[in-house]
Amino acid sequence: MAGRAVQLVEWTRTHRFCGRCGTPTDEAPGERARRCPSCGLQAFPRLAPAIITLVERADGRALLARNARFPTAMYSCVAGFVEPGETLEEAVRREVFEEVGVRVGDMRYRRSQPWPFPHSLMLGFHADYESGDIACDGIEIADADWFAPDDLPDIPGPISIARWLIDDWLSRSA
Ligand SMILES: [Zn+2]
């Protein structure tokens, strides 16, 4: 709820003028949109889809990565924004390959989580490892490894979708 409020306030603040002709916008009646009274352009709240993926290997291990921006040695799932013109499946394959250098095969959509910083929607997947050795990009990802269920590093806290994806994998590993 608070996340939604932050997103809508931010959106209203950054869409006060028409992006096409510069006229101050009004609230569009009956829709969550702002409308230009001069040229009719409508602007809807932005939403940036992002994928987050736990890669599983047939030997029961999962790939977890440490983001270079994490303040602690926490390991999590691979995540990134979906690019224009890309399907979710393509985004999963591209992000996993770009960040940790491995190819994934089949994948399963699991659940989503709104993430209001500033306006994304996280779409959570489990993906099966297919090929390749771990090779971190060295920029976004500082380290990555295959972890067994009984030998996990520090992982994200319980409200995150990353943790949910990890716990879901653990429940199937037991
Ligand atoms: Zn306009």
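Remark: relative contact order (the chain) = 23 percent; criterion is Cα-Cα distance under 8 angstrom and separation of 6 or more residues. Which net charge results for the neighbourhood of Ala148, defined as the other residues with beta-carbon distances under 12 angstrom from its beta-carbon, given Lys and Arg at +1 and Asp and Glu at -1? With Lys, Arg at +1 and Asp, Glu at -1, the neighbours total -3. Applying the criteria of a DSSP loop state and at most 13 other Cβ atoms within 10 Å to the GluC sites (Glu not before Pro) of segment 9-61 yields Glu31. Build a GNM of the chain with springs between Cα atoms under 10 Å apart, and of Ala68, Ala50, Ala33 the one that fluctuates most is Ala33. Checking every one of the trypsin sites (Lys or Arg not before Pro) in segment 55-154 against DSSP loop status and a limit of 11 other Cβ atoms within 10 Å picks out Arg69. Relative to the longest principal Cα axis of the chain, at what angle does helix 161-173 sit, 0 to 90 degrees, rounded to 10? Helix 161-173 sits roughly 30 degrees off the main axis of the chain. Counting only DSSP beta bridges whose two residues both lie in the chain, roughly 75 percent are antiparallel. Springs between Cα atoms under 10 Å define the GNM used for the chain, and in it the highest mean-square fluctuation of Pro114, Pro49, Pro37 occurs at Pro37.
Neighbour counts of C-beta atoms inside 10 Å place Met122, Met74, Met1 in the sequence Met1, Met74, Met122, starting with the fewest. Against the longest alpha carbon principal axis of the chain, how many degrees, from 0 to 90 and to the nearest 10, is the axis of helix 88-100 turned? That helix lies at roughly 60 degrees to the long axis.
Taking the charge dipole of the chain about its Cα centre, with +1 at Lys and Arg Cβ atoms and -1 at Asp and Glu Cβ atoms, the residue from Ala2, Pro158, Leu170 reaching farthest to the positive side is Ala2. Once the Cβ-Cβ distance of Asp133 and Ala68 is raised to the sixth power relative to R0 = 22 Å, the FRET efficiency obtained is 0.65. Comparing Gly132, Gly30, Gly101 in a Gaussian network model of the chain where C-alpha atoms under 10 Å apart are linked, the largest mean-square fluctuation is found at Gly30.
Computed from the coordinates by the stated procedures, all read-outs in this text should not be read as laboratory data. Remember, predicted model here, so these are calculated numbers, not experimental data. As a convention, Cβ positions derive from the backbone with ideal geometry for all residues, glycine included, and neighbour counts pool all protein chains shown.
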